[in-house]
Each structure stands twice: as C-alpha cells, then as structure tokens.
Amino acid sequence: MTNSFAEFAKAKMIFVIGSNMTEAHPVAASFVKQAVLAGAPLFVADPRRTALADMAEQHIPIRVGSDVAFLNGLMSVLITEDLYDKAYVESRCNGFEELRTKVLEYPPERAAEISGVSAETIRTVARRLASVKPVMLMYTLGITEHTCGVNNVLSCANLQMLLGNVGFECGGVNPLRGQNNVQGACDMGALPNVFPGYQRVDNAEARAKFEKAWGVTSLPDKPGIMIPQMLEGLASGKIKAFYIFGENLANTEPDIRHVEHCLESAEFIVCHDIFPTETTRFAHVIFPAAAWSENDGTFTNSERRISRVRTASPPPGEAKPNWWIFREIARRMGHMWPSKSAREIWDNEVSVLAPSMAGVKYNRIRGNGLQWPVPHEEHPGTPTLHKHRFTSGLGKLVPVEWTPPAEVPDSKYPLVLSTGRRLYHYHTRTQTGRAAGLNDLLSEETADISPLDAAELGIGHGEMIRVASRRGEVKVKANVSDRIPKGVVWMAFHFREACANWLTNPVFDPVSQTAEYKACAVRIEKT
C-alpha cells in the first residue's frame, strides 16, 4: 500500500475495485464504512453486489475479467474531457502520450461493450472521480488473480497518477494483502527475484553485498522460479525435492488433481507447518513450528507496518520457532549462522542489509510499530509513499491492452466461475476449521448463483448441484442470491470436498505467475 489504514476513515472519496472487503478484510472495511458515514462518496466496481456495495454511491457491476477495458474507458473520458491533472502528469510522470494513444482506443462505448457497464455510467464515474482530490483507490485479489493481473495493477496505478492522487494522504494505490504477513515475507526476500528489502538478484552491487554478508562466493545472478514451475518440475522429475513452508498447496493451487500428481512425483518433501494439512499427507518429514502466539518476532501488514509479536504461551511438544528450524538445518549442513534470536536477526542482519529498513531496530518496534521505509534510526517511518518523488524519479504511465480470461464460456461450459473468501473462514481452514464456533457459523461450502440462472435450470435454493469444469467437478448446495449476476457462479476454497480449486484453471499471469482464480468456464446441473 502506498498509504495507511488510518487514512481510510478520513478519505474524501473511495474507489474500491476487485475487493470484497467486508468479508476478506472486515477491519479495513470498517474504516471505509466510517468514511462513508462521514460523507465520503464510495464507488465499488465488482461483478457481485457485495455488502460494501450496499453503502456505495454507485455499484459498478463489471464483467469478470474486464477490469483493464473498464479502467481504460475511465481514462479515455478523463483525457477527452480534459479532466485529468495536467500539472501532476507533466511534472511527476512520463509516458503520457503512449498512455493517451492506448486509452483513446477504449472510448466509453467500446469499454461498455467489453465490461457490461453502460457508456453513460463510465462517463459519470470518471467525472465523479475527477471532481474530488484526492481519491483513495483500493483493490485486492479480484484485480491480481487473472492472467492479466499485472496489467490490472498497472491500470489502477495509471488511473491514480492520471488523476494526480499518488503521494498524498487519503490518496494512492492501496492493495490489501491476501494473507497474514505476506507483506513481511516479501520484504524479507521470499520472492525469486530479490534479496531482502527488494534488492534485485540481477544487480551486481546487491549480490556483492549479500555474498560478503553471508560468506559465500557466488549467489545466483538470475531470478529463480515460481510455484507453477516448481510443481511442473516435480512432475517432470527435473526437481527432486520440495520444502513447503506454511503453505497448503494441495488446496490452494488451481486444479487440485494436477497439484497432487506433482506432489506425489517428488522424491522428497519436507513440510514446515503448525498443523497437519492436506499437503502434509505428502511429506516425508514434517517440522512442527511454533504458532504466532508462541513466538517472539514481527509481522508486517499491508500498510508496510512492522509490529512486534511477543510470546503468549510456550510452543507445544517439539514445536520450534521458524528461524530456529532453519538455523538448525543450516548448522547440520555445515553453516554456522550467528543470529540466535528474532532480535539479533533484525538488528544484525535485516537492518544492516536492507536500506529501506535500516532504522528498524528491535527496541524501536513497539506500540504501533514502524512503516517502512525507515532509512535511519531517527526516522519516524513513512505513512505515505511517493510524497515528493517516485522511487525511480518520475512515475511511469504504462499503456496496457485488455485481454480476455484464458477460458471463456461456451456451449459445453456456459457459466463463469469466480472464487474468493467468506467471512467466517480463512483460506483452507487449517486454523479456523479447528474453531467450533466458526464451523457452526459456516459449516459447508455453497455455489452462489443468480435467481435467473437458477430458474432456467430448475434449481431451488439449498438443493444439491454439481459444478463441473474441464478439470473436475464438485457437489455442493446451491445458494440462490440476487447479489450474483446472471452467468456467474461464485465459490470459495475453504472446504476440502467442495473446494473451488478442484475446478479452477492452472493458467498464470506471465509476469507474476499468479493463477487465474477469478475466471474459468463451468456448467451446473442438479445432482
């Protein structure tokens, strides 16, 4: 996030796209509700009419997978009607002419044809977004989980820069992270192309620094591979072993049958987790890890805030802190890592090697924590990014073309399946599935369908149906809801037997390698 959660409640106008905040991020959504109750206009672009859309000045029911066309349509109006922030674009951005050429190919009429949103609505929304300054834009996995996910993100950034909303309190581009501490994992270098602090592995100066710090002579100079290539490597035999740390791949990756085949093909699998999962069934070795309340350490949330976690209870049995497990494996492979605590890791390694966190010392992480970048120990942290300049100097406007989902409806599979989360459970229920109260509130999965589709197919609310894709099928109860548009089926992936990922399509964004969980073709029928 370029901005902070505290700004949500103070926002002058909010544009939410591809985010069911009330269920996936209920605390963040509460701040948005506060802003609306205080008078801030809210616009929600989402195929479904979510609970947050009920509070919006306008719900914009875009078709699944049409985000780029819709956003290009908005920008086309801003440019043709001279509503964009010329001074900001001229002084702080480059690439305007290229962007202008591209978005003018998406007049409201063409954008309407692709997105299903009327041309007049597109004009109205564009004018309203230009009428207030700044506007906060928020998105979640409804933007990123597409084969064009990177282009969707670029389009959100293009819109906010064109409006001159980046670098200001209550503005910016604000992605809400999908999992606890996923921001912190990325910050620490749990990505194949960067070292801690987002220092690129193909940068010779960065490599030299880490080689010296880690006492090695040749770190890789090319980015590594991502999960889809890893799984395929297991299936082909190119990759022999797999270390799975805090992931339930057998439920979270698309096309579960294929994922299980890949895991079964491995010669050696290590799972490192706090509970047994569908994935630990494939493990040859399981390391029991201490849970968050049994650890001393840090989490970093979506707004880049680093917060302390203190031990509330001792870990059970042989469970150990994550850092201890990794350190012991290294020791038994002949490497003596000097840090012996979370504090030493921060003070002696992270803050020394990552410039954006140079001022984050353990004794400073208290109270509300610190938001990086924190370049030195007197620095208070950075609630708002890009206030005076972008990281690379000028903001880069990047023209992008709309592309449809990889799999679209046809006569055999006439509906679109889109997936997400429900309020009462978290991911694959590794944790929440062990809470009796939450299971009482939501004990099974449903397939949410529109009343029009239900009537056409003769399906009643609560009846068992079969949802099938080219990859598999599940039996599940129908939830007939007027919040679902005709032609769309919506499911979550919390319950194993009716997990949406038996159906989802294993196709990925070419840059981020994020799967297209939000769109695949399915059919439904009574069982």
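The values are calculated or read from the model by the stated rules, or taken from the named source; none is laboratory data. Bear in mind that the values here come from a model prediction, so they are computed numbers and not experimental data. Using ideal geometry, Cβ is built from the backbone for each residue, glycine included, and neighbour counts are taken over all protein chains shown.
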Only one of (1) touching a residue at least 12 places away in the same chain (Cβ under 8 Å); (2) out of contact with any Lys or Arg (no Cβ under 7 Å at 6 or more places or on another chain); (3) in a loop (DSSP other than H, G, I, E, B) is not met by Leu154, so which one is it?
(3)
Would you confirm whether any residue within segment 121-129 is surrounded by fewer than 21 Cβ atoms within 10 Å (Cβ to Cβ), at pLDDT 95 or above and within 30 Å of Glu253 (Cβ to Cβ)?
no
Odd one out for Leu423 among (1) farther than 30 Å from Pro288 by Cβ; (2) in a loop (DSSP other than H, G, I, E, B); (3) aliphatic (A, V, I, L, M)
(1)
Scan segment 409-428 and report the pairs whose first residue is closer than 13 Å to Thr446 by Cβ and whose second residue is of a type in the set (Lys, Arg) and in a loop (DSSP other than H, G, I, E, B), with Cβ atoms within less than 7 Å and a gap of 6+ or a chain change.
Thr419/Lys518
Under 9 Å between Cβ atoms, at least 6 apart or on separate chains: pull out the pairs that start in segment 214-233 with a residue that is within 18 Å of Ile256 (Cβ to Cβ) and end on any residue that is of a type in the set (D, E, K, R) and surrounded by fewer than 15 Cβ atoms within 10 Å (Cβ to Cβ).
Glu232/Lys238
Qualifying positions in segment 479-498 - among the small types (Gly, Ala, Ser) and without any contact (Cβ under 8 Å) to a residue 40 or more places away in the chain
Ser481
Residues being β-branched (Val, Ile, Thr) and part of a helix (DSSP H, G or I): count how many of those fall in segment 426-453.
1
Meets criteria (surrounded by fewer than 22 Cβ atoms within 10 Å (Cβ to Cβ), assigned to a loop (DSSP other than H, G, I, E, B) and in the same structural domain as Gly167 (by TED's automatic domain parsing)) for Lys33:
no
Which of the residues that make up segment 258-312 are closer than 30 Å to Asn3 by Cβ, under 24 Å from the mean Cα position of the chain (by Cα) and of a type in the set (Gly, Ala, Ser)?
Gly297, Ser302, Ser307
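For Glu247, state whether it is among the charged types (D, E, K, R), in contact (Cβ under 8 Å) with a residue 40 or more places away in the chain and part of a loop (DSSP other than H, G, I, E, B).
Details: among the charged types (D, E, K, R): yes; in contact (Cβ under 8 Å) with a residue 40 or more places away in the chain: no; part of a loop (DSSP other than H, G, I, E, B): yes.
Against the criterion (among the charged types (D, E, K, R), in contact (Cβ under 8 Å) with a residue 40 or more places away in the chain and part of a loop (DSSP other than H, G, I, E, B)), Glu247 does not qualify.
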